[in-house]
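Following: one structure in structure tokens, then a few remarks.
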Amino acid sequence: MSELPPNGNHDDQPGPLDSFDEIIEAETTRDPDLAVIEAGSRTLRTQGGPPQADGPARPEDPEVDEALREVESELATRWGETKLEPSVSRISALMDVLGEPQRSYPSIHITGTNGKTSTARMIEALLGAFELRTGRYTSPHVQSITERISLDGAPISAERFVETYRDVKPYVEMVDAQQEYRLSFFEVLTGMAYAAFADAPVDVAVVEVGMGGSWDATNVIDASVAVVTPIDLDHTDRLGGTPAEIATEKAGIVKRDATVIMAQQPVDAAQVLLKKAVETDATVAREGLEFGVVARQVAVGGQLLTLRGLGGEYTEVYLPLHGAHQAHNAAVALAAVEAFFGVGAQRAEPLDVDTVRKAFAAVASPGRLEVVRRSPTVVLDAAHNPAGARAAAGAIGEAFQFSRLVGVVGASGDKNVRGLLEAFEPVFAEVVVTRNSSHRAMDVDELAAIAVEVFGEDRVQVEPRLPDALEAAITLAEEEGEFAGGGVLVTGSVITVGEARLLLGKG
């Protein structure tokens, strides 16, 4: 296809999954988002060892595990990621007392509504394939808090995470004492990431914003390349109610003389971004004009792409991720790395195509249409807003030939849940609504009421516990028979996907 012109338990007896709730309930002094990480990990160990997954499990060394637990507990006492005071004053103060570590390496800064983490992982893979040492900072995490800070494509070890926290803690406390509000959870982690990258040291940092851009804690870097993935409506209470208003906040990452790599955008958002580029003398490369997807076809385990970059065409690029949206993310990532190396500006020739192919073939993005079980097939996708849900719904129909797809949905209460459910309605035969263990999770009865309005009562099943919801959905999918092609998609929240990933294991 062408997109751009060429040139489980079923009875009342307690089972292994029942301990999941018990562990979480016992963690009364910890943030629910952190408690569930340990709960899932311990539950899996009782079922037959640590999870076979890309994400890190709890440390095996009891002393290291205890030290990480202490750090998590201390971080959990700070403002969470949903409580914001729009300012970079505190993080700037922290960077100052740390000696401005974020200025010791070049960086690529990524904002947008959807696709940021996948794009960051692709950029990281490309830079690593060209033998650069990378640091990657992304959020939220799927399985372990250590995932947020990566070196050379892998999360830093628990030992290094603890060491980094202890190194910056005295400076954090110094800034806390000087500011009206203490540094938030996300601000401390951002400071840790920038310090860890400087200490490594890295050749380049790949940094994903937490929210917005202008006042995001990450925005104390002066990135030479600013990437804007597709902008849509999300966090409207904080960023604005239109794509243009949201783009105004996200355009804040564009620095003077930078190169802006712009994914396909709504017209009003594009206008805002282009205006910002003019104001900052930035160079703009737009998907669909200066770069893009020339062609793509479904392949086993992913897709085969032809991409047009800033320096030319790259053919036969295998990407082991599903969906048109991931192909577009790949085009954006390639253009960002080309811009970082000066392709299209200082140099005319493209990047080495074999190196590009090698990099993309090794990309993984946990929780993004990730298959974690077969017979029946269970797929995880972290879609949490209508735009993400539409992308996932389209991709799953293209990549998987399910005769019947059952959804498991656990969403956050501050999201456009109706829009998310409406996006999945055409592809879900039935939906099992549930909730994750986070304090942000939507009440299951409230979610069920919306689901009934969207799907009809006969297509909705309610299971307040995620383990029960998974078992119910798998049972429904199995009713199709072993060879009939029933499947399950778990979605609605990164936290829901992370918990399901821990409960089910991988592969």
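The values are calculated or read from the model by the stated rules, or taken from the named source; none is laboratory data. Bear in mind that the values here come from a model prediction, so they are computed numbers and not experimental data. As a convention, Cβ positions derive from the backbone with ideal geometry for all residues, glycine included, and neighbour counts pool all protein chains shown. Ligands, DNA and RNA are excluded from the accessible area calculation, which covers all protein heavy atoms including side chains. Shrake-Rupley method; radii C 1.70, N 1.55, O 1.52, S 1.80 Å.
The rows are residues; the columns are (1) among the charged types (D, E, K, R); (2) in a helix (DSSP H, G or I); (3) open to solvent by less than 40 Å² (accessible area, probe 1.4 Å).
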| position | (1), (2), (3) |
| --- | --- |
| Tyr165 | no, yes, yes |
| Glu173 | yes, yes, no |
| Leu183 | no, no, yes |
| Leu189 | no, yes, yes |
| Met192 | no, yes, yes |
| Ala196 | no, yes, yes |
| Val206 | no, no, yes |
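Looking only at the stretch 78-134, count every residue that is among the basic types (Lys, Arg), in a loop (DSSP other than H, G, I, E, B) and more than 30 Å from Pro266 (Cα to Cα) and tell me the total. Break it down into steps so the answer makes sense when it comes.
Taking the stretch 78-134 as the starting set, the residues that turn out to be among the basic types (Lys, Arg) are 78, 83, 90, 103, 116, 121, 133.
Remaining after also requiring in a loop (DSSP other than H, G, I, E, B): 78, 83, 133.
Filter again for more than 30 Å from Pro266 (Cα to Cα), leaving 78, 133.
Within the stretch 78-134, residues that are among the basic types (Lys, Arg), in a loop (DSSP other than H, G, I, E, B) and more than 30 Å from Pro266 (Cα to Cα) number 2.
When you look at Arg459, is it within 20 Å of the chain's Cα centre (by Cα) and of a type in the set (D, E, K, R), yes or no? Step through it out loud before you land on a result.
Working: within 20 Å of the chain's Cα centre (by Cα): no; of a type in the set (D, E, K, R): yes.
So Arg459 fails the test.
What are the residues in the stretch 438-448 that are more than 11 Å from Pro464 (Cβ to Cβ) and either open to solvent by less than 50 Å² (accessible area, probe 1.4 Å) or among the β-branched types (Val, Ile, Thr) (or both), if any? Full working, then the answer.
Of all residues in the stretch 438-448, those more than 11 Å from Pro464 (Cβ to Cβ) come to 438-440, 442, 446.
Once the filter is applied, which keeps residues that are more than 11 Å from Pro464 (Cβ to Cβ) and either open to solvent by less than 50 Å² (accessible area, probe 1.4 Å) or among the β-branched types (Val, Ile, Thr) (or both), the stretch 438-448 yields Ser438, Met442.
Look through Phe402, Phe483 and report the one residue that is more than 27 Å from Asp232 (Cβ to Cβ) and modelled with pLDDT under 95.
On the way: Phe402 fails: more than 27 Å from Asp232 (Cβ to Cβ).
After ruling out the rest, the residue left standing is Phe483.
Give all pairs with beta carbons closer than 6 Å in which a residue from the stretch 441-453 that is closer than 13 Å to Glu463 by Cβ meets a residue that is open to solvent by 70 Å² or more (accessible area, probe 1.4 Å); count only pairs at least 6 apart in sequence or on separate chains.
Pairs that qualify, where the first residue is closer than 13 Å to Glu463 by Cβ and the partner is open to solvent by 70 Å² or more (accessible area, probe 1.4 Å), are Val444/Arg435; Val444/Pro464.
What do you reckon, is Glu66 part of a helix (DSSP H, G or I) and open to solvent by 70 Å² or more (accessible area, probe 1.4 Å)? First the steps, then the outcome.
Values: part of a helix (DSSP H, G or I): yes; open to solvent by 70 Å² or more (accessible area, probe 1.4 Å): yes.
In short, yes.
If you take the residues of the stretch 119-153 that are more than 21 Å from His328 (Cα to Cα) and among the aliphatic types (A, V, I, L, M), which of them is nearest to the chain's Cα centre (by Cα)?
The selected residue is Val142.
Can you pull out the residues in the stretch 201-229 that are small (Gly, Ala, Ser) and touching a strand residue (DSSP E or B) at 6+ places or on another chain (Cβ under 9 Å)? If you could, list the steps in order and put the result at the bottom.
Narrowing the stretch 201-229 to residues small (Gly, Ala, Ser): 205, 210, 212-214, 217, 223-224, 226.
Residues satisfying the conditions are Ala205, Gly212, Gly213, Ala223, Ser224, Ala226.
Sort through Val488, Val432 and tell me the only one that's in contact with a Gly (Cβ under 8 Å, 6 or more places away or on another chain), in a strand (DSSP E or B) and more than 15 Å from Phe402 (Cα to Cα). Show your work before the answer.
Numbers: Val488 fails: more than 15 Å from Phe402 (Cα to Cα).
The match here is Val432.
Suppose we filter the stretch 394-415 for residues that are open to solvent by less than 10 Å² (accessible area, probe 1.4 Å) and over 24 Å from Leu502 (Cβ atoms); how many remain?
Result for the stretch 394-415: 0.
Among all residue pairs at least 6 apart or on different chains, which show Cβ distances below 7 Å where the first residue, located in the stretch 255-273, is in a helix (DSSP H, G or I) and the second is surrounded by fewer than 17 Cβ atoms within 10 Å (Cβ to Cβ)?
Here the result reads Asp268/Thr242, each pair linking the stretch 255-273 to a residue that is surrounded by fewer than 17 Cβ atoms within 10 Å (Cβ to Cβ).
Please determine whether any residue of the stretch 329-345 is under 24 Å from Val206 (Cα atoms) and surrounded by fewer than 16 Cβ atoms within 10 Å (Cβ to Cβ).
yes
Filter the strands (runs of 3 or more DSSP E) completely within the stretch 310-401 down to those with at least 2 residues that are under 21 Å from Ile474 (Cβ atoms) and not aliphatic (A, V, I, L, M).
Working: elements: 313-319, 368-373, 377-381.
In the stretch 310-401, the matching strands (runs of 3 or more DSSP E) lie at 368-373, 377-381.
From the residues in the stretch 208-229 that are within 20 Å of Thr283 (Cβ to Cβ) and in contact with a Gly (Cβ under 7 Å, 6 or more places away or on another chain), which one is most open to solvent (accessible area, probe 1.4 Å)? Spell out the reasoning first.
In the first step, residues of the stretch 208-229 are kept if they are within 20 Å of Thr283 (Cβ to Cβ); the result is 213, 219, 221-229.
Those still in the list that are in contact with a Gly (Cβ under 7 Å, 6 or more places away or on another chain) too: 213, 219, 228-229.
Working: Gly213: 0, Asn219: 22, Val228: 0, Thr229: 2 Å².
Only one residue fits best here, namely Asn219.
Given the residues Ala129, Ala125, which is the only one that is open to solvent by 10 Å² or more (accessible area, probe 1.4 Å), closer than 21 Å to Arg368 by Cα and modelled with pLDDT of 95 or more? First the steps, then the outcome.
Values: Ala129 fails: closer than 21 Å to Arg368 by Cα.
Selected residue: Ala125, the only one of Ala129, Ala125 that is open to solvent by 10 Å² or more (accessible area, probe 1.4 Å), closer than 21 Å to Arg368 by Cα and modelled with pLDDT of 95 or more.
For the stretch 94-117, which residues satisfy the criterion of being open to solvent by 10 Å² or more (accessible area, probe 1.4 Å), closer than 28 Å to Leu369 by Cα and of a type in the set (S, T, N, Q)?
Answer for the stretch 94-117, where residues must be open to solvent by 10 Å² or more (accessible area, probe 1.4 Å), closer than 28 Å to Leu369 by Cα and of a type in the set (S, T, N, Q): Thr113, Asn114, Thr117.
Tally the residues that are touching a helix residue (DSSP H, G or I) at 6+ places or on another chain (Cβ under 9 Å) and more than 13 Å from Thr496 (Cβ to Cβ), restricting the search to the stretch 432-456.
Of the residues in that region, 8 qualify.
Name, by its number, the condition in (1) over 23 Å from the mean Cα position of the chain (by Cα); (2) closer than 30 Å to Ile231 by Cα; (3) among the charged types (D, E, K, R) that does not hold for Glu163.
Evaluating Glu163 over (1) over 23 Å from the mean Cα position of the chain (by Cα); (2) closer than 30 Å to Ile231 by Cα; (3) among the charged types (D, E, K, R) leaves (2) as the failure.
Do the conditions hold for Ile149, that is, is it surrounded by 21 or more Cβ atoms within 10 Å (Cβ to Cβ) and modelled with pLDDT of 95 or more? If you could, list the steps in order and put the result at the bottom.
On the way: surrounded by 21 or more Cβ atoms within 10 Å (Cβ to Cβ): yes; modelled with pLDDT of 95 or more: yes.
The answer is yes for Ile149.
Would you pick out the residues in the stretch 301-328 that are closer than 18 Å to Phe130 by Cβ and open to solvent by less than 10 Å² (accessible area, probe 1.4 Å)?
Once the filter is applied, which keeps residues that are closer than 18 Å to Phe130 by Cβ and open to solvent by less than 10 Å² (accessible area, probe 1.4 Å), the stretch 301-328 yields Leu307, Gly309, Tyr314, Val317, Leu319.
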